[in-house]
Amino acid sequence: MLNEKQIQRFYEDGFLVVEDFVSEQSCKHIMDQAAGLIHDFQPADRPTIFTSDEQVRHSDQYFLSSGEKIHFFLEEEALDKAGNFTVDKMQSINKIGHGLHLLDPVYRDFVAGCNFPAIARDLNVADPYLLQSMHIFKQPKIGGEVSLHQDSSFLWTEPLSCVGFWIALEDATLENGCLQALKGGHHMALKKRFHRNDKGGTSFEVLDDSPWPDQPLDVLEVKAGTLIILHGALPHYSAANRSDKSRQAFTIHVVDDACEYAKDNWLKRN
């Protein structure tokens with residue numbers, strides 16, 4: 001699926017941009033399916049909010065049980081202090097996760113057509129396992145910031161094996177919160193690890209408290225249909241979206257089934 005030059009670029013930079021990976025029609029098909037899911041979604045009395053600040057989850061069972069389900073998470077600014085919606089429901093969703101590729105036939109077909117396991121094998125993932133999927137929205141005006149982080153902090157295997165596949169469903173620009181990456185940062189150790197704790201919630205374990213390198217991030221502005229492959233140890237970030245344009249994306253994470261999957265990972269798997 002990848003040529004030698006692309007593979008070399010991935011290992012040097014920690015990310016790889018593949019343009020025209022999926023068609024405009026496929027992007028629209030997925031976005032239409034997401035809109036239908038949101039239309040049918042009935043928010044609970046206390047909807048779950050995606051907290052972008054340090055991605056803290058504490059003991060939110062709706063989040064912790066979402067690994068093999070289709071759950072909906074709201075933007076932080078979608079609710080006021082009284083818990084009332086500040087925007088229409090269709091514009092309130094931060095993401096849908098984390099079992100879309102398992103449970104929804106449209107997403108399942110989309111993922112099958114992308115053949116992510118073949119790409120992962122090109123990157124030395126011996127036995128690729130499609131672990132979690134998300135439809136991310138980055139809503140206009142209220143799309144939340146996602147702080148600098150490394151995906152392997154959340155999906156720990158021994159040895160580390162996580163690879164992220166991020167597909168722009170709409171044009172991603174600096175204005176609407178495109179990805180930004182610390183080129184070569186995957187050669188660093190993980191800064192922290194997010195895992196379940198003995199109290200039934202979650203905790204961050206600090207592994208390396210040194211500051212991030214003082215270097216500018218690469219801004220990954222891409223057109224709809226572009227695939228960005230992310231090394232699990234690559235620090236990456238996306239700013240808040242204060243523009244009038246949404247920035248929808250589909251992402252799926254793969255781990256190597258030949259590696260040991262940590263039992264205290266937040267996402268439980270069979």
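The values are calculated or read from the model by the stated rules, or taken from the named source; none is laboratory data. Only a predicted model underlies this, so the values are computations on that prediction, with no experimental measurement involved. No Cβ is skipped: glycine too gets one built from the backbone with ideal geometry, and neighbour counts run over all protein chains shown.
Being under 15 Å from the mean Cα position of the chain (by Cα), not in a strand (DSSP E or B) and not aromatic (F, W, Y) holds for only one residue in L174, L155, and it is L155.
Condition check ((1) of a type in the set (S, T, N, Q); (2) over 16 Å from the mean Cα position of the chain (by Cα); (3) over 22 Å from V255 (Cβ atoms)) across all residues:
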position	(1), (2), (3)
K89	no, yes, yes
D127	no, yes, no
L131	no, no, no
V163	no, no, no
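You will find that of R242, R193, R247, the residue that is buried (at least 20 other Cβ atoms within 10 Å of the Cβ) and either at pLDDT 95 or above or in contact with a Leu (Cβ under 9 Å, 6 or more places away or on another chain) (or both) is R247 and no other. Is it true that some residue in region 178-200 is of a type in the set (A, V, I, L, M, F, W, C), more than 30 Å from D80 (Cβ to Cβ), part of a helix (DSSP H, G or I) and touching a Pro at 6+ places or on another chain (Cβ under 7 Å)? Checked against the condition, which is being of a type in the set (A, V, I, L, M, F, W, C), more than 30 Å from D80 (Cβ to Cβ), part of a helix (DSSP H, G or I) and touching a Pro at 6+ places or on another chain (Cβ under 7 Å), region 178-200 yields no hits at all. Within the set L131, L123, L160, L155, the sole residue that is touching a residue at least 40 places away in the same chain (Cβ under 8 Å), in contact with a Ser or Thr (Cβ under 6 Å, 6 or more places away or on another chain), surrounded by 19 or more Cβ atoms within 10 Å (Cβ to Cβ) and over 30 Å from D88 (Cα atoms) turns out to be L160.
In region 11-22, the residues that are part of a loop (DSSP other than H, G, I, E, B) reach residues that are β-branched (V, I, T) with C-beta atoms within less than 7 angstrom, at least six apart or across chains, in these pairs: E19/T226; F21/I167; F21/T226; V22/I167. Being within 16 Å of D151 (Cα to Cα), touching a His at 6+ places or on another chain (Cβ under 9 Å) and in a loop (DSSP other than H, G, I, E, B) is the requirement here; does A233 meet it? Here the answer is yes, as A233 does meet what is asked. Residue-level analysis places L207 outside the set of residues that are hydrophobic (A, V, I, L, M, F, W, C), modelled with pLDDT of 95 or more, more than 28 Å from E19 (Cβ to Cβ) and buried (at least 16 other Cβ atoms within 10 Å of the Cβ). Note on region 10-32: residues that are buried (at least 18 other Cβ atoms within 10 Å of the Cβ) and not hydrophobic (A, V, I, L, M, F, W, C) amount to 3.
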